[in-house]
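All of the numbers you see were taken from the coordinates with simple rules; none came from a lab. Keep in mind that what you see is a predicted model, and the values were worked out from it rather than measured. Here the Cβ positions follow ideal geometry from the backbone for every residue, glycine too, while neighbour counts run over all protein chains shown.
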Amino acid sequence: MLQVNRPKICILAGLAVVGWSQLAPPVREIPLYPGVAPGSENWNYPERSAGTVERPQAQNVVRPVLLYYPAEKAHAVGTAMIVAPGGGFRTLMMSYEGVDVARRLNRMGVDAFVLKYRTTYVDPNAQPSAAGRGPATTGPQAGQNVREMAGPTDSKQCGWSASMPPNLACTLNESA
């Protein structure tokens with residue numbers, strides 16, 4: 001009969017899960033605007049990490065960027081996807097609605113760009129405030145940046161929850 005050392009297996013399984021949940025760093029972080037994003041000239045608060053190690057989140061995003069996760073060259077299919085995580089305009093769910101999706105797209109040969117768009121200010125010591133309008137203008141800019149970088153590849157955008165305004169704005173402003 002097989003002897004199993006359960007404590008050792010549990011420790012190994014726990015370490016494996018923690019390893020899977022760590023956000024892989026992007027190959028490149030691409031600012032959406034050369035300077036300050038239009039409409040956020042007076043936003044001077046620092047970006048804040050929230051959530052847990054397993055489910056990291058970003059808050060108080062002032063400087064929108066694309067986090068570039070390319071597919072392996074040998075498996076690339078010539079398609080790029082912008083992934084916009086949701087979070088109620090206040091928080092970006094960077095793991096399961098962002099980087100995890102990008103990695104899955106990479107396995108299918110798709111280059112992925114996780115859109116870290118502007119969010120409204122969240123004071124950890126205050127009551128929640130109403131959602132702002134920061135992300136809506138970010139979608140079209142992200143789409144334009146990816147089309148300029150990717151050249152003739154096919155590019156699309158997907159997202160969840162609060163990322164719909166930038167996605168919809170990108171779709172409505174596309175000329176193709």
At 1.567 mPa s and 4 °C, Stokes diffusion of the range 55-98 via Kirkwood alpha-carbon radius, µm² per second:
106 µm²/s
One finds the C-alpha centres of the range 105-119 and the range 82-99 to be spaced, in Å, by 11 Å
Hey, got the dipole for the range 20-125? About the Cα centre, +1 on K and R Cβ, -1 on D and E Cβ, debye to the nearest 20?
140 debye
